[in-house]
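Below you'll find the structure, written out as structure tokens, and then a few comments.
The values are calculated or read from the model by the stated rules, or taken from the named source; none is laboratory data. Bear in mind that the values here come from a model prediction, so they are computed numbers and not experimental data. Neighbour counts are summed over all protein chains in view; Cβ atoms, including those assigned to glycine, are modelled from backbone coordinates with ideal geometry.
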Amino acid sequence: MDRIPDYSPVSKLNEANDKIKILVVDDEEGMCLLLEDILKGCGYPIDYFTQPGQALTAFKNNYYPLVFTDIKMPEIDGMALLKEILAINKNTSVIMITAYGSIENAVECMDLGAFNYITKPFKSGEIIAILEKAVERINLIRENIQLKKKLESLSATGITLIGKSAQITGTLAFAKKIAQTNFKVLITGESGTGKELIARYIHTISDRRHKPFIPIQCSLLPETLLESELFGHKKGSFTGAHQDKKGLFEEANQGTIFLDEIGDINPNVQGKLLRFLEEKEVKRIGDVKSRIVDIRLIFATNKNLQKLVNEKQFRDDLFYRIREIEIKVPPLRERKEDIPLLTRHFLEQISMEIGEKIEIEREVFDLFMSYDWAGNVRELKNCLASAAAMCNDNRITVQEISKILLLTHTDTPYHEQSLSYREMKKKMLEDFNRKYINNYLAENRGNITRTAKSLGIDKKNLWMLIKKYNIDCSIYK
Ligand SMILES: Nc1ncnc2c1ncn2[C@@H]1O[C@H](COP(=O)(O)OP(=O)(O)OP(=O)(O)O)[C@@H](O)[C@H]1O
Ligand SMILES: [Mg+2]
């Protein structure tokens with residue numbers, strides 16, 4: 001039976017507390033005991049002090065992410081204590097306790113960086129509510145620090161692989177596990193999802209990092225060239241082979257070879273590759289001698305290799321050989337929580353490149369979250385680069401982004417669809433109308449009256465077209 005979740009504040013706090021230790025400072029011991037009672041009741045360890053000086057020493061020697069302090073105290077008052085605490089750790093959440101008559105002081109403390117205040121006398125419910133908010137903030141800060149650390153350690157490898165989604169963090173953890181092994185890895189995923197970046201990451205954290213990482217785009221090379229690029233050739237082995245040439249497998253000795261678009265290699269090269277995987281020896285074209293090489297192989301494809309195997313376009317024995325480990329990189333639309341992080345990262349990159357800070361309208365994030373990113377991370381990166389180039393005052397707005405996304409969105413080319421002339425013409429017209437209306441809607445931020453006016457048609461007709469073309473106006477608002 002499913003457990004019924006308990007949403008009482010106390011249970012929520014218990015879930016999140018993860019040893020948040022609280023410091024309570026009040027010159028009245030009764031107040032300290034009362035707070036101790038409430039906070040301990042919520043499951044938090046606390047230390048209390050009636051002398052602020054002692055409290056400060058304890059703060060310096062311990063880690064208290066949360067402090068409750070009275071304002072009016074002899075020796076050191078709450079405001080001075082607040083300043084000292086924040087100077088030691090600006091992330092501390094300090095809650096000021098104030099008598100009803102001195103709220104002004106509390107507000108002043110908020111300006112100095114206090115997290116919140118509470119007036120005496122208070123009910124335990126008020127303390128719990130404020131505690132809940134503070135815990136939320138503390139957990140957010142912790143998450144942020146962890147993310148930063150992760151990014152720093154990734155950047156230390158020279159590769160910045162952004163993402164906080166379970167899919168990406170899981171992939172990175174898995175990549176770390178297998179980096180030191182020699183298993184052949186097949187990275188699959190749609191175009192632009194980051195397959196090559198992951199391959200580079202694996203190489204960079206492996207013991208092979210000081211040796212070459214050689215990426216080869218299999219689809220770009222004609223059959224004979226690919227074979228000689230990979231395996232090398234002997235002088236005179238074919239027309240144009242004027243001298244002996246080492247292949248990339250030899251060049252990459254002790255390093256990593258990344259064979260991209262592996263689904264595109266033809267049967268002949270497939271056979272040679274299989275032999276190499278079995279024997280770990282390279283024979284240059286036209287040569288009788290074999291050379292042993294030690295390389296790690298990573299493959300990638302955005303095709304469905306299993307389907308190619310079923311259709312007999314890809315050898316099944318090779319397929320099983322190269323897929324000792326498979327890493328599936330999910331499309332961006334299935335890990336949308338990575339979009340804001342990636343956006344900020346690319347904007348920072350672009351700003352650094354052009355030497356000026358590029359800002360972005362908050363609403364762009366909403367549009368990004370609702371877009372389907374057929375071109376994945378690469379499309380997002382390119383979209384931001386184009387927007388940065390065309391925006392005014394270094395500020396990217398929804399209008400620029402909508403224009404770019406509509407212009408770059410590529411459906412299957414008309415000539416590749418098996419349509420009759422009449423059907424093709426109809427589809428082209430419809431696509432044109434849809435884009436045309438979308439452009440105007442974007443310019444007018446989804447406002448129907450203004451869009452109708454710019455298009456020179458009446459509102460009713462515009463509504464009919466919006467319905468007909470199944471346009472979602474809300475993304476422009
Ligand atoms: N998680 C990520 N963090 C930062 N940048 C990323 C991330 N994923 C992808 N990129 C960037 O997006 C672009 C596309 O990534 P990459 O070339 O690795 O994709 P791919 O899956 O190999 O694409 P294709 O299938 O078209 O070859 C690159 O510029 C890469 O640096
Ligand atoms: Mg690639």
So which residues in region 196-219 are part of a strand (DSSP E or B) and near ligand 2 (Cβ under 10 Å from one of its atoms)?
-> 215, 217
Within region 295-309, can you find the residues that are in contact with a helix residue (DSSP H, G or I) (Cβ under 9 Å, 6 or more places away or on another chain) and away from ligand 2 (no atom under 12 Å from the Cβ)?
-> 295, 296, 297, 303, 304, 305, 306, 308, 309
Go through (1) modelled with pLDDT of 85 or more; (2) surrounded by fewer than 18 Cβ atoms within 10 Å (Cβ to Cβ) and name the single condition residue 434 misses.
-> (1)
Is it true that some residue in region 276-291 is modelled with pLDDT under 95, in a strand (DSSP E or B), small (Gly, Ala, Ser) and more than 16 Å from ligand 1 (Cβ to nearest atom)?
-> yes
Mind checking which residues of region 334-376 are among the aliphatic types (A, V, I, L, M) and more than 13 Å from ligand 1 (Cβ to nearest atom)?
-> 352, 354, 358, 360, 364, 367, 369
Picking from 238, 231, 183, the residue that is away from ligand 1 (no atom under 16 Å from the Cβ) and out of contact with any Lys or Arg (no Cβ under 9 Å at 6 or more places or on another chain) would be 238
Which listed residue is within 16 Å of ligand 1 (Cβ to nearest atom) and part of a helix (DSSP H, G or I), from 224, 169, 193 = 169
Any idea which residue in region 264-288 is farthest from residue 241 (Cα to Cα), counting only those that are touching a strand residue (DSSP E or B) at 6+ places or on another chain (Cβ under 7 Å) and not small (Gly, Ala, Ser)?
-> 280
Can you tell me which residues in region 438-477 are in contact (Cβ under 8 Å) with a residue 12 or more places away in the chain, farther than 20 Å from residue 363 by Cβ and not in a helix (DSSP H, G or I)?
-> 469
Among 176, 195, which is basic (Lys, Arg), farther than 26 Å from residue 272 by Cβ and under 21 Å from the mean Cα position of the chain (by Cα)?
-> 176
Confirm whether residue 160 is touching a residue at least 60 places away in the same chain (Cβ under 8 Å), in contact with a Leu (Cβ under 7 Å, 6 or more places away or on another chain) and either farther than 24 Å from residue 303 by Cα or not hydrophobic (A, V, I, L, M, F, W, C) (or both).
-> yes
In region 336-357, is there at least one residue being touching a helix residue (DSSP H, G or I) at 6+ places or on another chain (Cβ under 8 Å), farther than 23 Å from residue 173 by Cα and outside any helix (DSSP H, G or I)?
-> yes
Flagged in region 201-229 as in contact with a Leu (Cβ under 9 Å, 6 or more places away or on another chain), within 29 Å of residue 374 (Cβ to Cβ) and at pLDDT 90 or above, in numbering order, are 201, 215, 216
Looking at this structure, is residue 265 more than 12 Å from ligand 1 (Cβ to nearest atom), closer than 30 Å to residue 332 by Cα and not assigned by TED's automatic domain parsing to the domain that holds residue 378?
-> yes
Within region 101-139, residues of a type in the set (Ser, Thr, Tyr) and not in a strand (DSSP E or B) come out as 102, 124
Check whether at least one residue in region 397-405 is closer than 27 Å to residue 196 by Cβ and at pLDDT below 85, and report yes or no.
-> yes
Can you find a residue in region 169-190 that is touching a strand residue (DSSP E or B) at 6+ places or on another chain (Cβ under 8 Å), among the charged types (D, E, K, R) and within 16 Å of ligand 2 (Cβ to nearest atom)?
-> no
